[in-house]
Each structure stands twice: as structure tokens, then as C-alpha cells.
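What follows is calculated from the coordinates using simple rules that are stated; it is not laboratory data. Note that this is a predicted model, so its numbers are computed, not measured. Using ideal geometry, Cβ is built from the backbone for each residue, glycine included, and neighbour counts are taken over all protein chains shown.
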Amino acid sequence: PNVIYLKDYEVPAFLVEQTELRFELEEDQALVRSQVRYARNPESSNRQHPLLLDGHESLELQRLSIDGEVLSEKDYRRVGEQLSIPNLPDHFTLECITRIEPQNNTALEGLYKSDGMFCTQCEAEGFRRITFYQDRPDVMALFETIVVADKQRYPVLLSNGNMVDAGDEDDGRHWVKWQDPFPKPAYLFALVAGDLECIDDRFTTASGRHVSLKIFAETKDLDKLDYAMTSLKQSMKWDEEVYGREYDLDIFMIVAVDFFNMGAMENKGLNIFNTSCVLAHPETTVDAGFQRVEAVVAHEYFHNWSGNRVTCRDWFQLSLKEGFTVFRDSQFSADMNSPTVKRIEDVALLRTAQFAEDAGPMAHPVRPASFIEISNFYTLTIYEKGCEVVRMLHTLLGAETFRKGSDLYFDRHDGQAVTTDDFVQAMADVSGRDLSRFKLWYSQSGTPQVSVTGEYDAEHQRYTLHMRQSCPATADMATKQPFLIPVAVGLLDAQGDDIPLTGGQTTEVLECVAAEQSFVFDNITVEPTPSLLRDFSAPVKLRFPYSREQLVFLMQHDSDGFNRWDAAQQLAVGIMSELVVDYQQGRTLVLDSALIEAYRQILNDASLDKAMVAKVLTLPSEAYLSELAEVIDVDAIHQVHRFVKDAIATALAPLFLQVYQANTSAEEYSPDATSVARRSLKNLALSYLMTTEQPEYLALALQQFKQADNMTDSQAALTLIAHSGFEAEAAEVLASFYQRWQSESLVVNQWLAVQASDPKPDALARVEALQQHEAYDASNPNKIRSLVSVFCAQNMQNFHNSDGSGYRFLADQIIVLNKQNPQIASRLLTPLTRWKKYSAEQGALMKAELQRINNSGDLSRDVFEVLSKSLA
Ligand code: B3K
Ligand code: ZN
């Protein structure tokens, strides 16, 4: 496979004025006729350039004509994924008829069937599985689409834009014509045909435009769409208020589909969603599920401006739309819920998963310099780190100037396909700042490390912070220049109050731009405790030699909520890392009472927000401890985690019980922030209590399982019982849960995930048995994720069994999926790619399985790229 480089970018030889599509959908095939008006691109240097069209090997080309003249095979060349037509005039219309088989499309890219309905997924390069086209984001065109299908089976026929015409044919078929008034790249094209129903609503924009809102699903799911509709209207309003962005069509549609490779897709006017990201109902959806629906609906809606109106020039610029849009949806979720809790959740994900990506074989910058398969680059780096990069601009410029920059960006580039440089330039222009060093965040991979020390000079009442930054070599890049790192700092006095800094502010953003740099604070009358990197102002690993007393002090007093949580994490990480060494050396484990006392204080502090208490009292995950470890000792980390949790639970059981009881309420379920907080604290308390394996707490969990009127409480109890040593009760609740929910596919997925993540030793056998269960469908990505991914990525103890059985299992899955659905196969591979982080023996077992996949033949580009980088 070819490597594609950013440095080789060339403008397209031809531009498209209009794209007309006609789909004849049938059970055993679809015929696609495209009529495309081309004009030579005046900016292309070579006036003789042939027209290069992308077309997947699966396309059966039935007819090709130019201005009505049919081409014969000698008039064009088809090699691999490309069709090349030479000797063309400056203006012409190309007609092309292709035959495709959506019913056999298991890759779920292009046009495919999901549960009896037709739907599309074209980002990044799926349109080339529909017809021959310049399938690149810088070719934007007006689309007109006619869909023809059997009226009874497919009463609903949708595409982008506005419906302009419709009619019946004699043979029981009908057609609908859609017109999209906004030019768009092919990756934003969408089509849906199915037996669907919808809920309707409307939204009036700030300038008075009436927008009809429709969310489609299968009839059985119609009662689970209200939350998505509410979230959509809130997003539309929020984007007007916060970014000045109005919606631009008369209709906005969302369709829920069951077979989908990722979360959702922002096709113009016709978003297509994985059911898991749009359906929500108290009885079937947990709190986190509601929040995910809210966030994903917002994310896809926000793309209408950051992605669709202004799109990417090429796929190296993917973070231009994704990083910015994740930032926008994170601001939205923060506004709708608790900003601190949202920040904690985002940072926890970044620090465990994105930092691990930076440290692994697929490390790449936010703007990659090369790729083999773009689908492999829908990563935490592009999305989450890309969001952090935009957030840093927001921090450096301030909210007001950032908004001016965003206005300028949208205004300057509306209707264009642009680059991350263009985005930063808009920010530079409105702020008058030189952001050239800042741009290294886009071009350099790796997680910078910042070591900070403090020095207090009592005589001159001066406090100095010395910072040293460096960035480790990554798989793709050996050396890095210093970044511009915004470090938000506060200084606490002996009472824990903020000391006023420059201009009376309590938080100052220091800009660290050199390998070594010092920052001086004057008029500091007592030696302060620094609060560093407040609100996680940069995606770095920052170290300061805090004592445990200082961390407890910050936990109690820091005015920055995020840093209070982070102090608790640092305290626990320090203690647990020492215990890991004790465990490895066979010493008896003893828990430092500082952690217990700190937790006791938090539990007793009635002034704290409940969601915050739950976050602060959640131990650093095994995944985070693994990321921090030099060499991952899965067993030691797992045993220490259990030991610490158990020691805390035993010491504080009466308090946890009180908290549990105080937060068990009979109120009707609501997914609002306060109720979510209450449930999260209650279920955290229950999880500590269950750690002790005392029958009285099992009784509590069983009672909750039986009485719960919402999925959050029911699933929390289910998980705790199923993962406990009470085997009879575990079997009982799993059986009754399935019995009750077997007709709800998304709930069944949760049931699969609970079993796949069971730390007890027989998990793999259970997972293999579940693959044969009636509830499992090996072609549905949601089922694969719930069972196989959860086992391999979350059940560390069992996946890393020293007999290598977990690795063998995963390799077997990938060998099958490589042919069936390469995108899913390549994603699933991730845990094995980290083999260098484990002990020599463990790593060798993992590597051997990678090699076995490598030798299995006929690798997809997706799997090939990840394998070759992992084995390099
Ligand atoms: N833009 C899509 C992602 C498409 C991924 C294709 N492999 C979803 C999103 O980020 O909004
Ligand atoms: Zn996105």
C-alpha cells in the first residue's frame, strides 16, 4: 500500500459545478447514475492533466459517457482505485452508471444495508464505493439526488438538502428528489431509504427562519427520541448565542441506524447516527448514555458550520473540523451540566487513552504528515488533543478575542476547504499575536513533560517557579522543539486562599516557550503552595515535587475544582505506585492512612457538589496507572487497585452506607445534572461497600437491582453483583436482566459488556460462549464493541492472562474482521499494538500474535498500516 504525504498536496485538476445522482435501489443491487458537470481548475498548473476519479474495486462500471458520447475502454484507464480519463475539454458533463451491491457491503462504508434499510457512510472515502468521483474534500459541488425504491418496503427516501419533488411509478416503486443548495464535498453526501417513522418539531432561528426538525427511527424506538430532540434544539440555540452561528436549511434530519462503524455522521441536513448515540429513555439508558446523546447530537449539529460550511482542504487537516467541533461540544456540555465534572471526564480520557496513543506505534501529530489509510486517523489525537489545542488558543486569547477569531474564520472561509494554518491565522489576525511557535502543537507529536520547582525568597518576598519542558521521542518523530505551553497558575496562602497576582487576578496564565524558563512573583509574603496547570490548561504531563500533605491541602482548598480533583489523583497515584513496587517485591501491602483520612474529609464535607465528591473519591483507573508505568505489570496494578479500594471501603464503610442511604431517593428519574450527581455518588458508595464482599451490602445491591425504576441504578447494581464473588447471585441477576431486556438491543449490549469486563478468571470462556448466543451478531459493530472490544481493552486482568489466551482470541477475531470490516478490525487491534510497554515475556506473546495476523494474508490497508507500524 502507498503512503500519502501532506507535502505532495496538489489542487484538483477539475472543479465540479453540479452533481446529479439517481439511485435505483433493489434487493440484489443498486444502480447509480451520476451526471457531473466538470470545469478545468484555473489554479491547476497543468492544462493537459487527465481527470482522475476515485472508484473502489467493487464498482461495476456499466457506462461512461462525455457530453453524450459513450467512452470505450481505450478512452480511459482503470488501475486499482483510480480511473483516469485523458484528452478532455475545459468544460464537459460526464455520465457514469455503476452497479453496486449494498446488501453485501459488510465494511459499512459507502451505501449499505442496516437491518433492512439502506443508508450511507461516506466520510472519509466512502463515496468512491458508490460512483467514480474526485472523492476528496476540496472538490465541492451542488448535489441533486433522486432515490427510487419499492414504496412498501422503503416508504421513506431521504437525502441532503430540501425535498423538491416526488412521485409514484407504475410498478409499486416511488421516487423522491432532493436538492442541496450548499456546495459540499462528497464525504457529506447521504442517502437513507427505509421503513421509518419520525418525531417532528421546529426551531425558529435568531433571524426568524423556521426549521423543521425530524428524527427518524424504527417504530419500536420512536419513544426514545425525545431527549435527542431536546438536545438538538438546545444546541441550535447555544450555537447562535455563543458562536453567532445560525442553521441554514429549512429542514434538519437525524436518522438512527443499528449498524454503524462509529458514533454519528454530520452529513449536510441529514445526520446519520448510531442508535447508541441517539436513543435514550430512562428505563433503558444510563446517565452517561443521556450525556453521550446530548454531546453527540450537539457535536454533529455544530459541524454544520465547523466542518460543512467551512471544510477541510485534505484529510491531513481532519482536526480542523474535529478538534474545533469537539471543543465546541465540550463547551456546550459544560454549559448544560457541571463544567468541572465535564473537564475531569475529558482530561481523564485524554490522559489515559491519548497519552498512551502518543507513546505507542501509531503516534502522530494533530496534523499528520502522512498516512496509509485515513480511517486509521480518526483518533484521540485528532479529536481530543485537537480539542485541547483549540482550547489553548481560547485560554491564550481570552473568550472575547477567541470569538472574534472564530467569526473571522467562518466569514473569511465560508464555502471553502481550508487548513489548520488558516484557522490559526484568523486567531493571529484578530489578536495581533505571532502564533508561529504555537503551531508546533499541530506539527509535532508526543506529550510534552513539564517539570516545575518552586523557590521562595523570604527576604525579598519573592516566589519563583522554574519550568523545564521537553518532549520524548515518538514512534514517528525523534526530536522536538519547545512548545508554547500555557500554564495557568494560582498561589495559595497558608489558609488555602488564593493570593492576588498581577492585576489582582487569582489565576495567571504563564507562557512557557523555552526548554528552561523561570517566572517570578513579587510581593508574596508567605511561602505559597502553587496550584499548577489549573483546569488542565495544556495537554502535558506536569510534575511538581508536592508532599502528600500539600496534595491533601490542595484537595481541600484549591479554588480550581479541576485541581482539587487532580490533587486527589496525584495523592492516590503516588501511594499506589509505591504499593505496586511493594507487591512486586513480595512485601505486605499497607495503605498510607493519609488517603483514607483525605477521603473521610471529603465524604464529611457537606458543602461539596455531589458529582465532585464522586469524582474525587474515584481511584485512578488501572488504565491510567498503566499509562503512567514504565513497564505495565497488569497483575500488580490490578491487585493493588483492589487492595486500596478494599482498605478504603473497610475503613469508611459506615460513612459510605450513610452516603448511600442519604442519596437513595424516590423521586422520578430525571437526567438533569443534580440527579445525575446524586446517583453517581450513591452508586460509588455502593461500589465501595460491595468491595468488602459483606452479605449485608449484597442485599442492598440486590434490592437496588430489583427496585430500580431506571437503567442507571439497575445497571450499577447488576455490574457490582455480576463482578462480585457471590456467584449464585451473579448468575441470577444476569439471567433476569437478559430475560427482561432481550428485545432492547442497546440494553443487551450493556449486558454483554458487563460480562466481558468481569474480572473473574473465566471471563474469556464466557465471552466465547456469548459469541454463540442468540443475542450476538458478529456483523454488527455495536455487538463487537460490547463483547470483544470491552474484553480486550477493559478487562486487563483477563486479556493479559499470562498463558496468552486473550491475545490469541483477539488475533483470531481480527483475522476474520480484516476481510469483513477493516475499520473495526484495525480499531480492535489497538491493545496488541502496545506490546512494548509490557514485560519481555508478555510482549513476546503479544508480538507473536501480531505476526500471526501479518502472515494471515490479504491484509486490508487499515490493518496493514497498524500492523506494520507496530512491528517496525
Ligand atoms: N465525522 C464523523 C467521523 C467519520 C469517521 C469515518 N471513519 C463523525 C464526527 O466526528 O462527527
Ligand atoms: Zn466530528
Inset, instruction - Evaluate E = 1/(1 + (r/R0)^6) for GLN820 and LEU589, where r is the Cβ-Cβ distance and R0 equals 51 Å; express this FRET efficiency to the nearest 0.05. - result: 0.65
Legend entry - Anisotropy class of the range 300-450 from Cα gyration tensor, a/c 1.5 cut: rounded
Inset, instruction - Subtract the Cα-Cα distance of LYS541 and SER451 from 0.36 nm times their separation in residues, and report this length gain in nm to one decimal. - result: 31.6 nm
Inset, instruction - Compute the long axis of helix 673-691 from its Cα atoms, compare it with the longest principal axis of the Cα atoms of the chain, and write down the angle in degrees, 0 to 90, nearest 10. - result: 60
Legend entry - Three-way shape call for the range 403-496 based on the alpha-carbon gyration tensor, with the a/c threshold at 1.5: oblate
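Please grab the % of Cα pairs in the range 84-214 that end up more than 20 Å from each other. Walk me through the intermediate numbers first.
Details: 4716 of 8515 pairs.
Roughly 55 percent, once rounded to a whole number.
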Inset, instruction - Report the trypsin sites (Lys or Arg not before Pro) located in the range 67-149 that are in a DSSP loop and have at most 13 other Cβ atoms inside 10 Å of their Cβ, or state none. - result: none
Inset, instruction - Would you work out which of PHE483, ALA473, ILE499 lies farthest towards the positive end of the dipole of the range 449-561? Charges go on Cβ: Lys and Arg +1, Asp and Glu -1. - result: ALA473
Inset, instruction - Provide the net charge surrounding VAL509, with neighbours chosen by a C-beta distance below 11 Å and charges set as Lys +1, Arg +1, Asp -1, Glu -1. - result: -2
Inset, instruction - With a Förster radius of 25 Å, plug the Cβ-Cβ distance of ALA515 and ARG433 into 1/(1 + (r/R0)^6) and report the FRET value to the nearest 0.05. - result: 0.70
Inset, instruction - Compute the long axis of helix 745-756 from its Cα atoms, compare it with the longest principal axis of the Cα atoms of the chain, and write down the angle in degrees, 0 to 90, nearest 10. - result: 50
Inset, instruction - Treating the angle as unsigned and between 0 and 90°, give the value, to the nearest 10°, between the Cα long axis of helix 420-431 and the longest Cα principal axis of the chain. - result: 60
Legend entry - All Cα pairs of the range 4-195, percent lying beyond 21 Å: 50
Inset, instruction - Between the alpha-carbon centers of the range 392-436 and the range 677-713, tell me the distance in whole angstrom. - result: 48
Legend entry - Contact order relative to length of the chain, as percent, for alpha carbon pairs under 8 angstrom and 6 or more apart: 8
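Can you tell me the length gained on complete extension of the stretch SER839 to SER743, counting 0.36 nm per residue apart and subtracting the Cα distance?
30.2 nm
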Legend entry - Student exercise, the chain dipole from Lys, Arg, Asp, Glu Cβ charges, in Debye to nearest 20: 1260
Inset, instruction - Within the range 552-589, which residues have the backbone N less than 12 Å from the label spot 7 Å out from ASP635 along Cα→beta-carbon, could you tell me? - result: 584-586
Legend entry - For the range 803-818, Karplus couplings with θ = phi - 60° (6.51, -1.76, 1.60), whole Hz, Gly/Pro x: 7, x, 5, x, 5, 4, 4, 5, 4, 4, 4, 5, 4, 6, 5, 3
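Pairs of Cα atoms under 8 Å, at least six residues apart: use those to get the relative contact order of the range 116-185, whole percent.
35
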Legend entry - Of PHE562, ASN105, THR381, farthest towards positive along the dipole that unit charges on Lys, Arg, Asp, Glu beta carbons give the chain: THR381
Inset, instruction - Please state the charge dipole magnitude for the range 496-565, taken about the Cα centre, from unit charges on C-beta atoms (+1 on K and R, -1 on D and E), reported in debye and rounded to the nearest 20. - result: 340
Inset, instruction - Grab every C-alpha pair in the chain, bin the distances at 10 angstrom width from 0 up to the longest one, and report whole percents. - result: 2, 12, 21, 25, 21, 12, 5, 2, 0, 0
Inset, instruction - State the Cα centre-to-centre distance between the range 206-282 and the range 1-76 in whole Å. - result: 32
Inset, instruction - State to the nearest 20 debye the size of the charge dipole of the range 449-561 about its Cα centre, where the only charges are +1 on K and R beta carbons and -1 on D and E beta carbons. - result: 520
Inset, instruction - Tell me the label-point distance for the pair ARG468, ALA735, using the 7 Å Cα-to-Cβ offset, in nm and rounded to one decimal. - result: 6.2
Legend entry - Global form of the range 615-696, assessed from the alpha-carbon gyration tensor, a/c cut-off 1.5: oblate
Legend entry - Label point distance in nm, GLN694-THR479, each placed 7 Å from Cα along Cα→Cβ: 6.1
Inset, instruction - Find the centroid of the Cα atoms in the range 817-846 and in the range 163-191, then give the distance between the two in whole Å. - result: 42
Inset, instruction - Please report the relative contact order for the range 449-561, taking Cα pairs under 8 Å with a sequence separation of at least 6, and give it as a percent rounded to a whole number. - result: 34
